[in-house]
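Only one structure is covered here, and it is reproduced in the block below.
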Amino acid sequence: MEEAAKMETKLDVNWHEKLSPEYFKQAEKELGSLLHMLNLTKEQMEKFKLFKKELGIAETGVPQWSGVEDDMTLYRFISGKQWVLKDALKQYRAMRKWREEEKMEKIGEWGDLNADRIELTKKYYPSCILGDDKVGRPVILARMGKIPYRKFVKTFTKEEWVMHHKWRMEKTIELLRYYSYEQKKPVTSMVVLVDMEGSSFDNRLFTPYMKLTAEIDKQNFPEIVGNVFMVRAPWVISMLYKLFKPFIDKRTRKKIKISSTTPEKTYEIVDEKVLPVAFGGKNPVELPQPLIEEKEQKSPVQNVPAGTEHSFVHKCDDPKGGTFAWVMNLESYDVTLKIEWTPEDSKESKTVLEAERVAEHEGEHKVKSKGTLKVTFDNTYSYLTSKDVQFGIVFHPGSGGDDIMEAP
């Protein structure tokens, strides 16, 4: 789990050292009595009991630290499906099947055998626990903008990262149980502060890893995330998020806020004493740094001289078509953005977009066949000023193959 920073918290920073057999035994007794503190309505309580009955889970005597049959886990599943019993049963049963197939009961053994690799991830992906939010949930800092992505993908296979993610999620469940027991109230989710400073087009290399872990979380770990604040995010993150978004649970999407600064919503949830000074807070904690570094990569920029235009094309080779998504940004001045689509079996182009004199733009276009998308930056109206255009485009194939992310 994340290293504990000097944090504004009511809990022991070395929480993991307290998890002895005696601690588990005492926690088991008390965690089962916290359900009433969720303030469920009479109807919700009846559905909760029926949920347990349909699953064959006893009313009492169930291990409350397990993260499988305990009340807090069941609550996450049924509340995540908005108390629709049929949907909650389907998802929960799929989760149990997945845990059996993936042999999740042995994930702790995997962690012990791969302790050196887990330590290595900390050198590439710096993170820590900052403290608690205003209602007692853990606040996790993940510095995704500092990951040396080109070295990362050469060091960790997707298969290994999936195993690491499964191990980490089990540790997250453990952390939430610890918070619940120590605070004597249900803590079923966490707040994640994602620092995107330093991000570049290289972030795209992490996309296949993120897709795999997002699919795992969507099905098997619902409602773990309470809020996600992506702060200090450069323009390219908007484009990358378009790629991740389809694989994120709809309820989770609503919890994600992306900002080039620290959004005001953050202060409503996390006290300024917990937020690091770098994010506008008052926590003097030193931000964790990667121990493996690489030369910073700048986002792709296309210079368009005065009185000219620049065009480039992106092909769709999928017979089922797919979706193009793009983001454009100019730090100064503007250009006219033109986008045209030409199906493979046609000689005529269709204008998808013509946005006159814009400094930024993002959008998407769905296609149903093979063809070519032409993008043009028009600066012909400018007699003296050349323009530097930051642009990125993502293609998500309709047949479900690998996404293609490119620059001009």
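The values are calculated or read from the model by the stated rules, or taken from the named source; none is laboratory data. As the structure is a computational prediction, the values presented were derived from the model and not from experiment. Neighbour counts are summed over all protein chains in view; Cβ atoms, including those assigned to glycine, are modelled from backbone coordinates with ideal geometry. To get the accessible areas, we keep the full protein, side chains included, count just its heavy atoms, and leave off ligands, DNA and RNA. Shrake-Rupley method; radii C 1.70, N 1.55, O 1.52, S 1.80 Å.
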statement: Note, Lys257: beta-carbon cut-off 13 Å, +1 each Lys/Arg, -1 each Asp/Glu, net +3
field: Length gained when the stretch Met45-Asp87 is fully extended (0.36 nm per residue, less Cα-Cα span)
entry: 13.4 nm
Convex hull projection area averaged over all views, region 116-230, Cα basis, nm²: 7.3 nm²
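What translational diffusion coefficient, in µm²/s and rounded to a whole number, does the Stokes-Einstein relation yield for region 181-306 at 37 °C and a viscosity of 0.692 mPa s, taking the hydrodynamic radius as the Kirkwood radius over Cα pairs?
Numbers: Rh = 16.7 Å.
Translational D for this selection: 197 µm²/s.
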In sequence order, calculated HN-Hα J values of region 325-338 (Karplus, 6.51, -1.76, 1.60; Hz; x Gly/Pro): 9, 9, 9, 10, 8, 10, 6, 8, 6, 7, 9, 9, 9, 10
- request: Kindly write out, for region 132-143 in residue order, the coupling ³J(HN,Hα) from the Karplus curve 6.51 cos²θ - 1.76 cosθ + 1.60 (θ = phi - 60°), rounded to whole Hz, with x marking Gly and Pro.
  value: 10, 7, 5, 10, x, 8, x, 10, 9, 9, 10, 9
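Ranked from the most accessible area to the least, with a 1.4 Å probe and all protein chains present, what is the order of Glu54, Glu348, Glu272?
Details: Glu54 95, Glu348 140, Glu272 75 Å².
Descending order: Glu348, Glu54, Glu272.
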- prompt: With each pseudo-label sitting 7 Å past Cα toward Cβ, what's the His36-Thr157 distance in nm, one decimal?
  reply: 5.2 nm
query: For the chain, treating each Cα as an identical point scatterer without solvent, what Debye log10 I(q)/I(0) comes out at q = 0.06, 0.10, 0.14 1/Å?
result: -0.30, -0.78, -1.31
message: Report the number of Lys pairs in region 260-360 whose alpha-carbons are under 27 Å apart, with separation of 8 or more residues or on distinct chains.
response: 13
query: When the Karplus curve 6.51 cos²θ - 1.76 cosθ + 1.60 is applied with θ = phi - 60°, which whole-Hz ³J(HN,Hα) does each residue of region 339-348 get, with x for Gly and Pro?
result: 9, 10, 10, 10, x, 4, 8, 9, 9, 9
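Restricting to region 129-251, what percent of DSSP beta bridges are antiparallel, rounded to 5? Please report the intermediate quantities before stating the final value.
Values: 3 of 13 bridges.
So the antiparallel bridges in region 129-251 amount to around 25 percent.
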statement: Within the chain, the percent of DSSP beta bridges that are antiparallel, given to the nearest 5, stands at 75 percent
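Whenever you get a sec, compute what percent of the accessible area on the chain sits on carbon and sulfur atoms (1.4 Å probe). If you can, show how the numbers build up before the last one.
Values: 9900 of 20490 Å².
The computed percentage sits at 48.
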query: Using modelled amide H (1.01 Å from N, peptide plane; none on Pro or chain starts), what sits under 5 Å from the amide H of Val285, excluding residues fewer than 5 places away?
result: Val277
query: Relative to a virtual label point 7 Å from the Cα of Ser386 in the Cα→beta-carbon direction, which members of region 300-327 show backbone nitrogen distances below 18 Å?
result: 300-312
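Quick one: accessible area per residue over the chain, 1.4 Å probe, rounded to a whole number of Å²?
Working: 20490 Å² over 408 residues.
Result: 50 Å² of accessible area for each residue.
Just to be sure I understand: if I project the alpha-carbon convex hull of region 239-343 onto a plane and average over all orientations, what area do I get in nm²?
Here the figure is 11.8 nm², rounded to one decimal.
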